[in-house]
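Step one of this worksheet: look at the structure below.
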Amino acid sequence: MKDLRDVLLVDGYNMIGGWPELAALSQTGMQEARDRLLDLLADYQAYSGRRVIAVFDAYRVPGLGRSFIQGKVQVYFTKEKETADECIERLVGEYSHRRR
C-alpha cells in the first residue's frame, strides 16, 4: 500500500557525482545525467510508494528558482544564492508534519 506521507528528499547533483553511471554521463551532458537520475527516482517512487523530491543547486544561475514535475517526481531548481542544502532544509521544515 502506497503512503505518500513518506517523503524522500534528494540532492540531485550529489547523487549524480556519487553514482558512477551518472557521473560518467554528466561528463558528456549534465542534462542527460539529470534526466537519467529523474527516471531512476521515478522508478523508485513507483516501487516504494514514497514521494520523491529532487533538488538541484542553481546557486550561480540568476533568477532560476523554479519547480516542476518530471516523471511524477517533484523537481526544484534553487533560487539565486540559495544552495541545495538550504532548499532541502526549508523543505524538511515544510514537510515535518508528514510521517518521515
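Bear in mind that the values in this text are calculations on the coordinates, not laboratory data. Not measured: the values here are computed from a predicted model. Neighbour counts run over all protein chains shown; Cβ positions are idealised from the backbone, glycine included.
Give me a comma-separated list of calculated 3J(HN,Hα) values for the range 66-78, in order, Karplus coefficients 6.51, -1.76, 1.60 applied at θ = phi - 60°, integers in Hz, x for any Gly or Pro.
Using θ = phi - 60°, the values come out as 10, 9, 7, 9, 9, x, 6, 9, 6, 10, 10, 9, 4 Hz.
Please work out which option in (1) 0.97; (2) 1.13; (3) 1.31 gives Rg/Rh (Cα atoms, Kirkwood Rh) calculated from these coordinates, and answer with its label.
Evaluating Rg/Rh (Cα atoms, Kirkwood Rh) on these atoms matches (1).
How much mean residue ellipticity at 222 nm does the chain get from its helices, if each DSSP H run of length 4 or more adds -39500 (n - 2.57) and you divide by all residues, to the nearest 500 deg cm²/dmol?
-14000 deg cm²/dmol
Please order SER26, SER96, SER48 by the number of other Cβ within 10 Å, starting at the fewest.
SER96, SER48, SER26
By DSSP, what percent of the beta bridges with both residues in the chain are antiparallel, rounded to the nearest 5?
If I count the DSSP bridges inside the chain, around 35 percent turn out antiparallel.
Could you work out the local net charge near VAL73, counting Lys and Arg as +1, Asp and Glu as -1, over the other residues with Cβ closer than 13 Å to its Cβ?
The answer is +2.
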